[in-house]
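Note sheet for the following structure.
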Amino acid sequence: MRMPRRGLVIQARTRWLLVGLALLFSLVLLMYLLECAPQTDSNASLPGVVGESMGKEYYQALLQEQEEHYQNRATSLKRQIAQLKQELQEMSDKLKSLQEKKSPKVNGMNYQGTKEQTSNDLLEFLHSQIDKAEVSVGAKLPSEYGVIPFESFTSMKVFQLEMGLTRHPEEKPVRKDKRDELVEVIEAGLEVINNPDEEDGQDEDDGVGDRQLYSENDFIEGYYRTERDKGTQYELFYKKMDGMEYRHVTLFRPFGPLMKVKSETVDISRSIINIIVPLAGRTEAFAQFMQNFRDVCIHQDKRVHLTVVYFGQDGLSEVKSILESVARETDFHNYTLVSLNEEFNRGRGLDMGARAWEKGEVLMFFCDVDVYFTAEFLNSCRLNAEPGKKVFYPVVFSLYNPAIVYANQDIPPPVEQQLVHKKDSGFWRDFGFGMTCQYRTDFLTVGGFDLEVKGWGGEDVHLYRKYLHGDLMVIRTPVPGLFHLWHEKHCADELTPEQYRMCIQSKAMNEASHSHLGMLVFRDEIEAHLRKQAYRTNSEAVG
């Protein structure tokens with residue numbers, strides 16, 4: 001029996017009315033609960049944490065901070081993606097244009113390859129940029145001026161060679177454009193380490209839980225340099241706080257996206273450094289050197305051998321006494337004293353020190369008695385020298401005469417407080433090649449020093465040029481943990497004209513900064529001005 005049409009309408013209206021009443025009741029109940037809920041105490045503290053608010057404002061601030069962090073990260077990634085797309089498009093257009101010029105016409109139209117062919121050509125071009133750059137093997141160069149030096153950086157600072165009169169040897173804070181570039185590079189290196197390929201030597205079966213993941217805090221140091229017609233090379237080093245293994249990542253930006261060159265684990269836990277110091281007299285400076293050696297090498301690093309090559313007899317007994325005293329007090333016996341009863345010759349001293357080692361292959365650090373180094377530098381020495389592949393020529397930060405730098409103080413501060421990278425305290429000694437880390441076999445293979453060079457200077461440049469003319473890669477970069485302490489220089493009359501010129505140039509460069517030298521030159525004028533000012537002030541006071 002069919003229900004009348006009017007009955008159906010009434011039934012439908014009744015159903016909608018019930019639904020509306022149910023919704024209204026739910027809304028009233030919700031308002032009641034909100035109104036009757038206890039008020040949040042804005043001063044309440046989190047359980048177990050004193051002084052941290054758990055009120056609405058605290059959580060809102062926390063959420064806002066997280067939101068800003070992710071927004072900034074997303075913006076950065078979008079910018080990088082857009083930049084990469086643009087660069088890829090530009091390279092693709094260039095390749096397409098070249099292809100159109102070279103390809104024959106078919107039926108009056110230029111034949112264009114497929115999209116896949118264009119992509120392959122682009123990748124081939126980018127990889128050719130890496131092959132042409134000095135990334136994996138060294139390049140033969142005509143002179144010491146042909147090498148492109150690296151600049152070093154940490155997560156907070158950049159140590160740069162080219163300063164002029166306005167830039168600083170240590171840049172902090174880093175310029176925004178440079179900071180964005182280096183942050184991108186550090187993150188790209190982390191991506192390579194934390195997501196390794198098969199070619200990186202790690203099994204894909206190893207789960208993420210079994211691998212040690214690295215973060216920005218594990219970045220130790222990096223170096224970069226740009227070959228203007230090829231791209232920028234980056235050498236990055238990461239290390240966990242409690243480990244001795246370093247992760248080394250090489251990246252290259254061929255004026256386009258970053259491309260991984262290699263990723264490897266570098267174990268330096270058993271790498272011994274033979275520190276070779278040629279010496280004649282200068283016993284007070286040697287005592288100061290041994291204090292630094294004791295603090296850094298014996299107490300901290302503990303993986304060094306010291307070879308002292310002493311010329312002459314005057315002061316020899318005192319040097320022996322210093323070495324024996326350190327050995328007695330620290331139980332350190334990994335040292336060799338070579339005595340030569342002849343005129344001082346730095347090249348011969350270093351050559352004798354290298355040949356005195358009889359335990360096979362070893363990493364050598366050619367050092368001077370006026371050099372101060374840190375434990376971090378010793379690790380940089382180990383990381384940047386590799387037998388048969390590369391030698392390390394760090395740029396030393398040379399300190400000025402403390403009597404001029406700290407002329408406004410009664411006495412200069414202790415040496416440890418003078419070790420700062422400032423324009424008025426020192427300069428990057430980019431014309432000096434005496435401090436170097438290289439393996440013994442490489443040194444002997446290139447023939448060592450030119451022993452015909454007598455007296456001051458020249459021998460280190462000859463050795464440096466030998467490496468530049470060979471196939472080994474030369475790593476040249478300023479390092480923050482290597483200082484040349486100021487000492488008075490005497491340029492002997494027996495030097496050749498070229499050596500004497502170099503000695504005088506070095507003496508002038510070592511004395512003081514541009515501004516401090518200017519103050520010395522115009523001292524009389526400045527004092528006359530101050531006297532006039534004082535006289536004028538006194539006259540006005542009397543009047």
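Scan the helices (runs of 4 or more DSSP H) fully inside the stretch 448-543 and keep the ones with 2 or more residues being without any contact (Cβ under 8 Å) to a residue 60 or more places away in the chain and more than 30 Å from residue 133 (Cα to Cα).
Filter on the stretch 448-543 gives 497-511, 514-521, 523-542.
Any idea which of 512, 508 is in contact with a helix residue (DSSP H, G or I) (Cβ under 6 Å, 6 or more places away or on another chain), among the hydrophobic types (A, V, I, L, M, F, W, C) and either within 19 Å of residue 400 (Cβ to Cβ) or open to solvent by less than 100 Å² (accessible area, probe 1.4 Å) (or both)?
512
Which numbered condition trips up residue 399, out of (1) farther than 20 Å from residue 145 by Cα; (2) open to solvent by 10 Å² or more (accessible area, probe 1.4 Å)?
It fails just one condition, (2).
Which members of the stretch 237-274 meet the condition of being among the acidic types (Asp, Glu) and in contact (Cβ under 8 Å) with a residue 60 or more places away in the chain?
Passing the criteria: only 264.
Identify all residues within the stretch 302-337 that are open to solvent by less than 30 Å² (accessible area, probe 1.4 Å), in a helix (DSSP H, G or I) and either at pLDDT below 95 or touching a strand residue (DSSP E or B) at 6+ places or on another chain (Cβ under 8 Å) (or both); write none if there are none.
Within the stretch 302-337, 316, 319, 323, 327 qualify.
Out of the residues in the stretch 132-158 that are charged (D, E, K, R) and in contact with a strand residue (DSSP E or B) (Cβ under 8 Å, 6 or more places away or on another chain), which is farthest from residue 395 (Cα to Cα)?
134
When only residues in the stretch 272-301 that are under 15 Å from residue 370 (Cα atoms) and assigned to a loop (DSSP other than H, G, I, E, B) count, which is least open to solvent (accessible area, probe 1.4 Å)?
Step by step, filter the stretch 272-301, then rank; the result is 281.
Which of the following residues is over 21 Å from residue 438 (Cα atoms), assigned to a strand (DSSP E or B) and open to solvent by less than 40 Å² (accessible area, probe 1.4 Å): 238, 224?
238
Mind listing just one residue for me: the one in the stretch 430-446 that is in contact with a Cys (Cβ under 9 Å, 6 or more places away or on another chain) and in a loop (DSSP other than H, G, I, E, B) and, of those, surrounded by the fewest Cβ atoms within 10 Å (Cβ to Cβ)?
By that ranking, first place goes to 434.
Give the number of residues within the stretch 157-169 that are open to solvent by less than 40 Å² (accessible area, probe 1.4 Å) and modelled with pLDDT of 80 or more.
Matching residues across the stretch 157-169 total 5.
Among (1) within 19 Å of residue 291 (Cα to Cα); (2) assigned to a strand (DSSP E or B), there is one condition residue 376 misses while meeting the rest; what is its number?
For residue 376, the failing item is (2).
The values are calculated or read from the model by the stated rules, or taken from the named source; none is laboratory data. This one's a predicted model, so the numbers in the text were calculated from it and none came from an experiment. Glycine also receives a Cβ, built like all others from the backbone with ideal geometry; neighbour counts cover every protein chain displayed. Accessible surface is based on the protein model in full, side chains and every heavy atom, while ligands, DNA and RNA are left aside. Shrake-Rupley method; radii C 1.70, N 1.55, O 1.52, S 1.80 Å.
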